[in-house]
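Taking it in order: structure first as structure tokens, then the write-up.
The values are calculated or read from the model by the stated rules, or taken from the named source; none is laboratory data. Predicted, not measured: the structure shown is a model, and the values here were computed from it. Glycine gets a Cβ as well: all are built from the backbone with ideal geometry, and neighbour counts include every protein chain shown.
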Ligand SMILES: [Zn+2]
């Protein structure tokens with residue numbers, strides 16, 4: 001990507017002026033990134049580092065997983081092992097890896113300064129080891145993070161390409177270091193060179209080993225961009241900081257409550273619940289500047305308490321909404337069903353009656369756990385909805401009769417499953433369809449039609 005903005009052009013030029021990595025830094029990385037291995041058999045030992053081969057003086061010890069020191073290069077060596085499959089008791093066992101060659105790659109990062117910018121330089125290490133040969137390794141600078149004193153972040157990097165199925169990633173050095181789009185794929189935070197140079201703004205942050213799960217570059221930019229994040233960090237409100245990184249609005253709306261927590265040394269351990277709790281308290285009109293609400297001793301208990309309260313309120317609202325709806329449609333439905341009010345189909349085990357009010361639709365739906373009420377069948381003028389029941393509370397199935405062609409459209413029991421009586425119910429209704437047809441055609445008295 002070409003440098004476009006003034007800032008990018010400046011950084012791209014500065015980037016060319018950076019000094020290359022020193023030999024001491026390079027060697028430190030090599031020594032600390034990679035493990036150094038020995039190839040061992042009963043007779044021989046071979047150093048993967050320098051390729052030297054010598055007689056194994058402790059053949060009986062071969063299978064044990066301890067290392068040794070190479071008599072030529074003086075490198076402490078480990079026996080390369082890998083995890084053998086877990087046995088059926090769940091025990092994992094290590095065995096000696098007898099492969100003749102292997103490759104390894106990893107990263108080292110160096111904190112440095114250029115003018116008033118924090119520059120974080122990342123190096124890619126690659127090594128290939130072959131039995132009997134001195135190991136080969138390389139170290140290339142692949143990414144530079146440039147951070148301004150105000151937290152503006154610019155990336156200069158080689159291109160990271162990925163395989164067609166995202167199955168591998170490879171650094172491409174063809175176009176050299178270029179300005180790159182800010183992307184997570186250039187975020188590297190592995191091994192740090194111990195001597196760090198920092199601009200005063202970064203030094204001031206006092207970044208420590210916090211286990212936050214944010215990369216170093218991310219942390220620096222987040223805090224330099226918003227002083228409130230720095231305040232959270234320095235006051236060890238780490239869970240809250242992590243939770244609010246991408247939620248500026250929440251940070252704005254809760255900041256005064258957060259300040260009260262900080263003042264009271266109240267560390268928010270579960271920011272997700274705490275923020276949710278504050279929203280809940282807000283809907284109850286509680287004072288979010290009062291430490292009694294903002295710093296609860298047992299957040300979980302408090303939160304559950306208010307959640308239950310809210311559930312009750314919501315349930316009441318829902319019931320009221322339903323009752324309103326029922327009332328609204330009751331008189332309309334009455335006009336539709338009055339023709340069938342006298343319909344009663346009896347059987348030795350049950351009776352079948354029309355659902356005679358919208359409220360009865362509600363009860364039918366509640367008792368049989370299906371959607372006859374929610375789907376508003378009471379608004380359908382071309383259907384007659386019947387209920388097969390033993391009594392008012394013991395209901396078997398709900399039946400829809402099509403009033404256009406006088407057929408049975410559907411019949412369902414508890415949770416839309418057919419009851420044991422399903423076939424008998426259908427048979428019984430089928431016999432009565434002429435009666436239903438007759439009833440549907442009767443003229444209504446004047447008072448009911450108006
Ligand atoms: Zn050696």
> Identify, please: which residue in the range 146-175 is surrounded by 10 or more Cβ atoms within 10 Å (Cβ to Cβ) and part of a loop (DSSP other than H, G, I, E, B) and is, among those, modelled with the lowest pLDDT?
Replying inline: 173
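Being assigned to a loop (DSSP other than H, G, I, E, B) and without any contact (Cβ under 8 Å) to a residue 40 or more places away in the chain is the filter; apply it to the range 176-193 and report the residue that is surrounded by the most Cβ atoms within 10 Å (Cβ to Cβ). Break it down stepwise before answering.
Here is the first cut: in the range 176-193, the residues assigned to a loop (DSSP other than H, G, I, E, B) are 176-177, 181-183, 187-190, 193.
If we keep only those that are without any contact (Cβ under 8 Å) to a residue 40 or more places away in the chain too, we end up with 176, 182-183, 187.
Working: 176: 10, 182: 11, 183: 10, 187: 16.
Looking at the filtered set, the residue picked out is 187.
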> Of the residues in the range 67-101, how many are within 16 Å of the ligand (Cβ to nearest atom), assigned to a strand (DSSP E or B) and either in contact (Cβ under 8 Å) with a residue 40 or more places away in the chain or surrounded by 15 or more Cβ atoms within 10 Å (Cβ to Cβ) (or both)?
Replying inline: 5
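Please verify whether residue 331 is assigned to a helix (DSSP H, G or I) and over 43 Å from the mean Cα position of the chain (by Cα), treating the condition exactly as stated. Full working, then the answer.
Details: assigned to a helix (DSSP H, G or I): yes; over 43 Å from the mean Cα position of the chain (by Cα): yes.
Criteria met by residue 331.
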